[in-house]
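Structure first, then comments.
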There are 2 protein chains.
Amino acid sequence: MTKGTYHHGDLRRALLQAAADAIAEHGVAAISMRDLARRAGVSHAAPTHHFGDKAGLLTAFAAQGYDELAKALSTSRLASNSFLELGVTYVRFAMTRRAHFEVMFRPDLYHADDPELLRAKARSADALYAGVADLPDGLRHRGETAERARGGTPDSAPSDIRQAGQAAWSLAHGFATLWLSGAFPDRDRDPEALARMIFGQLKVIQ
Amino acid sequence: MTKGTYHHGDLRRALLQAAADAIAEHGVAAISMRDLARRAGVSHAAPTHHFGDKAGLLTAFAAQGYDELAKALSTSRLASNSFLELGVTYVRFAMTRRAHFEVMFRPDLYHADDPELLRAKARSADALYAGVADLPDGLRHRGETAERARGGTPDSAPSDIRQAGQAAWSLAHGFATLWLSGAFPDRDRDPEALARMIFGQLKVIQ
DNA sequence: ATTCTAACTTGCCATTGACAAGATGCCGTG
DNA sequence: CACGGCATCTTGTCAATGGCAAGTTAGAAT
């Protein structure tokens with residue numbers, strides 16, 4: 001971590017880690033660049049050189065989150081071969097990477113047009129919509145073949161697939177968000193288990 | 001509005017209105033007490049007297065939001081007598097009162113234990129869970145009677161009703177949140193219409 | 001070895017949230 | 001009507017923050 005005295009060596013990563021810790025502890029609203037700098041053991045202006053400004057740091061942070069979400073979704077799809085488990089994976093990501101999750105869906109906090117971020121975001125969306133088209137218990141609509149939709153970006157996917165994906169995404173995202181905000185009464189229960197029960201109760205009408 | 005010179009007369013309401021405008025324009029992250037004071041035409045320390053601190057103002061703002069949501073849900077339930085429309089009402093609330101919606105589910109921004117807020121929050125939850133138990137196309141489970149669940153708070157409602165309500169709430173909330181954050185590609189379409197289509201595709205098994 | 005430059009520092013400024021102390025005018029009581 | 005109490009609003013101040021400018025250091029290239 002701390003190599004010499006002047007040049008940190010791995011400051012960018014250290015700052016992103018500090019951000020994850022700080023946000024998980026006190027929420028996005030409470031974080032400050034200067035505090036992150038202190039946590040990393042550098043001066044208050046050091047972060048600027050790597051991220052430009054506060055929004056720049058959060059942009060990188062959100063991109064990292066989208067990247068890990070894409071990885072998690074892809075892994076889950078290959079491992080369990082179940083659409084329901086894909087939703088559970090989404091919820092698990094929100095719980096274990098709550099700091100990232102909290103930032104990712106607040107585009108007013110970062111530079112939403114950053115190309116790096118957009119790429120990571122697209123990777124996540126691809127992994128999600130691919131599950132809609134591919135998996136056996138997925139919300140696949142009648143006439144559509146998985147072939148036609150596979151790998152398509154949400155923008156290019158046929159509208160039936162897209163809507164089914166949006167429905168599933170809404171469900172998983174809403175559950176995760178409401179849980180994290182403390183809106184549900186049973187906070188003591190295991191969120192993954194509860195998600196599994198709730199998700200399993202719903203199906204698409206043909 | 002501006003009565004005399006010294007005593008504003010209706011500052012509390014004016015500040016909440018200013019907050020609604022400012023948040024809708026620039027997001028919660030960007031607002032400052034001093035800006036709200038400027039918008040209301042008072043000195044920078046005037047808001048403190050009414051709300052204590054920034055979190056206090058946002059507490060009142062969130063409570064106002066929960067109150068209006070409860071009213072909207074109740075009205076919708078009596079008017080349309082449709083569970084699907086209850087979800088659409090939820091989405092419409094998120095769109096038209098986006099500033100309130102944005103604050104309500106960020107408890108790290110306000111005093112989440114404030115009694116006034118908790119009461120308004122409970123009213124919203126009641127209106128929502130009542131729809132689960134009452135309405136003809138609601139997600140009512142087999143053995144449960146609407147009688148048993150009606151009027152029950154989310155904490156006291158039977159677990160079947162509660163889970164069905166959580167599922168529906170997750171769906172509507174996730175849709176609204178994802179739409180507002182720009183995660184869906186078709187932002188040009190009418191969100192209510194899209195919500196109606198998506199919500200209509202899902203049903204409870206059994 | 002010298003230069004070049006990315007990485008980091010110190011220093012500064014406007015803005016903000018919070019607090020303290022004072023000014024103003026409404027409202028009830030005599 | 002006079003007067004005192006008190007909620008309401010003001011001015012003044014302080015530490016902390018984000019952002020910028022100018023200087024310093026060390027690693028890398030030639």
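Points worth noting:
- Just so you know, in the range B:157-206 the residues that are among the hydroxyl-bearing types (Ser, Thr, Tyr) and open to solvent by less than 40 Å² (accessible area, probe 1.4 Å) include one that is farthest from B:Asp126 (Cα to Cα), and it is B:Ser181.
- A search for C-beta distances below 6 Å between a residue of the range B:88-108 that is in the same structural domain as B:Leu194 (by TED's automatic domain parsing) and any residue that is part of a loop (DSSP other than H, G, I, E, B) and of a type in the set (A, V, I, L, M, F, W, C), counting only pairs 6+ apart in sequence or on different chains, returns nothing.
- Filter result for the condition that a residue is under 21 Å from A:Leu180 (Cβ atoms) and open to solvent by less than 50 Å² (accessible area, probe 1.4 Å), over A:Ser76, A:Ser82: A:Ser76
- Checking B:Asp10 against (1) free of Cβ contacts under 8 Å to residues at least 40 places away in the same chain; (2) in the same structural domain as B:Phe105 (by TED's automatic domain parsing), the condition it does not meet: (2)
- Filtered by the rule that a residue be free of Cβ contacts under 8 Å to residues at least 24 places away in the same chain and either farther than 19 Å from A:Lys54 by Cβ or away from DNA strand C (no atom under 12 Å from the Cβ) (or both), the range B:23-33 gives a lone residue, B:Glu25.
- If you check B:Ala60, B:Ala45, B:Ala14 for being of a type in the set (Gly, Ala, Ser) and more than 9 Å from DNA strand D (Cβ to nearest atom), only one passes: B:Ala60.
- B:Val42 vs. criteria more than 10 Å from DNA strand C (Cβ to nearest atom), touching a residue at least 12 places away in the same chain (Cβ under 8 Å) and not in a helix (DSSP H, G or I): yes
- Unmet criterion (only one of (1) in contact (Cβ under 8 Å) with a residue 40 or more places away in the chain; (2) within 12 Å of DNA strand C (Cβ to nearest atom)) for B:Ala60: (2)
- Taking the criterion of being in a helix (DSSP H, G or I) and either among the hydrophobic types (A, V, I, L, M, F, W, C) or at pLDDT 90 or above (or both), the residues of the range A:180-206 that qualify are A:Leu180, A:Pro191, A:Glu192, A:Ala193, A:Leu194, A:Ala195, A:Arg196, A:Met197, A:Ile198, A:Phe199.
- Matching entry among A:Ala45, A:Ala55, A:Ala29, A:Ala40 (being at negative phi and buried (at least 21 other Cβ atoms within 10 Å of the Cβ)): A:Ala40
- Test: residue in the range A:111-133 that is under 20 Å from B:Phe184 (Cβ atoms), within 16 Å of DNA strand C (Cβ to nearest atom) and surrounded by fewer than 20 Cβ atoms within 10 Å (Cβ to Cβ): no
- Where A:Ala193 falls short, out of the listed (1) facing chain B (nearest Cβ under 7 Å); (2) out of contact with any His (no Cβ under 9 Å at 6 or more places or on another chain): (1)
- The residue that is nearest to A:Thr177 (Cα to Cα), among those in the range B:85-106 that are aromatic (Phe, Trp, Tyr) and touching a His at 6+ places or on another chain (Cβ under 9 Å), is B:Phe105.
- Unmet criterion (only one of (1) open to solvent by less than 70 Å² (accessible area, probe 1.4 Å); (2) closer than 27 Å to B:Leu180 by Cβ; (3) assigned to a helix (DSSP H, G or I)) for A:Lys71: (1)
- Take the conditions (1) more than 18 Å from the chain's Cα centre (by Cα); (2) surrounded by 13 or more Cβ atoms within 10 Å (Cβ to Cβ); (3) near DNA strand C (Cβ under 8 Å from one of its atoms); B:His7 misses just one of them, which is (2).
The values are calculated or read from the model by the stated rules, or taken from the named source; none is laboratory data. Because the structure is a prediction, the values reported are computed rather than measured. Positions of Cβ are backbone-derived with ideal geometry, glycine not excepted, and every protein chain shown enters the neighbour counts. The accessibility values were calculated without ligands, DNA or RNA, using every heavy atom of the protein model including side chains. Shrake-Rupley method; radii C 1.70, N 1.55, O 1.52, S 1.80 Å.
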